[in-house]
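Enquirer: Just passing along the structure, written as structure tokens.
The values are calculated or read from the model by the stated rules, or taken from the named source; none is laboratory data. Computed from a predicted model, the values in this text were never measured in an experiment. Please note: Cβ atoms are built from the backbone with ideal geometry, for glycine as well, and neighbour counts cover all protein chains shown.
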């Protein structure tokens with residue numbers, strides 16, 4: 001525990017001055033408060049499940065998609081495809097939190113772009129990274145969003161694929177419900193030093 005705290009302290013004190021500040025950490029015990037919009041978005045993002053009856057502009061939606069496509073990807077294969085869902089009937093048919101949102105984005109793996117062999121499943125990692133980028137961008141824009149898992153539960157994959165009329169080459173990883181928040185849930189403090197192991201050598 002002590003070693004982990006020392007490491008965390010060192011990481012914080014070696015940050016450039018521009019990344020240090022006073023506003024984003026919710027508890028002083030977390031240490032190293034930073035006045036950095038990116039770090040603050042990461043630390044304060046939370047799942048939002050209730051939305052206002054407001055539509056999103058085309059420019060806002062494009063920013064979300066650009067953020068998703070800016071994610072890292074294995075060998076730069078970019079094996080993703082994003083399905084925008086705005087029709088109320090489709091949103092309601094999707095169920096979950098999507099039925100109450102003005103927009104949902106189905107993040108799909110495009111198997112025509114996936115790597116071959118054992119690396120094929122990297123599409124899941126790539127699309128997950130794109131999903132997190134979309135969630136963070138939504139939060140930074142004052143929107144609320146929630147990640148609703150689909151893959152690898154085959155029944156959900158089939159249901160979403162049929163509803164969205166996806167070709168066999170597209171596999172839905174998740175559906176993100178997005179809208180202007182109708183609630184303000186408090187972010188969870190997930191920092192747990194016991195989840196960190198430090199290895200200093202090969203011994």
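Enquirer: How about region 142-163: which of its residues are surrounded by fewer than 17 Cβ atoms within 10 Å (Cβ to Cβ) and under 18 Å from the mean Cα position of the chain (by Cα)?
Expert: If the condition is that a residue be surrounded by fewer than 17 Cβ atoms within 10 Å (Cβ to Cβ) and under 18 Å from the mean Cα position of the chain (by Cα), then 142, 149, 152 are the ones that fit.
Enquirer: Which condition does residue 138 not pass, out of (1) over 26 Å from residue 43 (Cα atoms); (2) crowded, with 20+ Cβ neighbours inside 10 Å, if it passes all the others?
Expert: So the condition that residue 138 fails would be (1).
Enquirer: Related question: Can you find a residue that is touching a helix residue (DSSP H, G or I) at 6+ places or on another chain (Cβ under 9 Å), assigned by TED's automatic domain parsing to the domain that holds residue 70 and free of Cβ contacts under 8 Å to residues at least 12 places away in the same chain anywhere in region 170-192?
Expert: No, region 170-192 contains no residue that is touching a helix residue (DSSP H, G or I) at 6+ places or on another chain (Cβ under 9 Å), assigned by TED's automatic domain parsing to the domain that holds residue 70 and free of Cβ contacts under 8 Å to residues at least 12 places away in the same chain.
Enquirer: Hey, can you tell me all the residues within region 165-203 that are outside any loop (DSSP other than H, G, I, E, B) and under 19 Å from the mean Cα position of the chain (by Cα)?
Expert: If the condition is that a residue be outside any loop (DSSP other than H, G, I, E, B) and under 19 Å from the mean Cα position of the chain (by Cα), then 171, 172, 173, 174, 175, 176, 177, 178, 179, 181 are the ones that fit.
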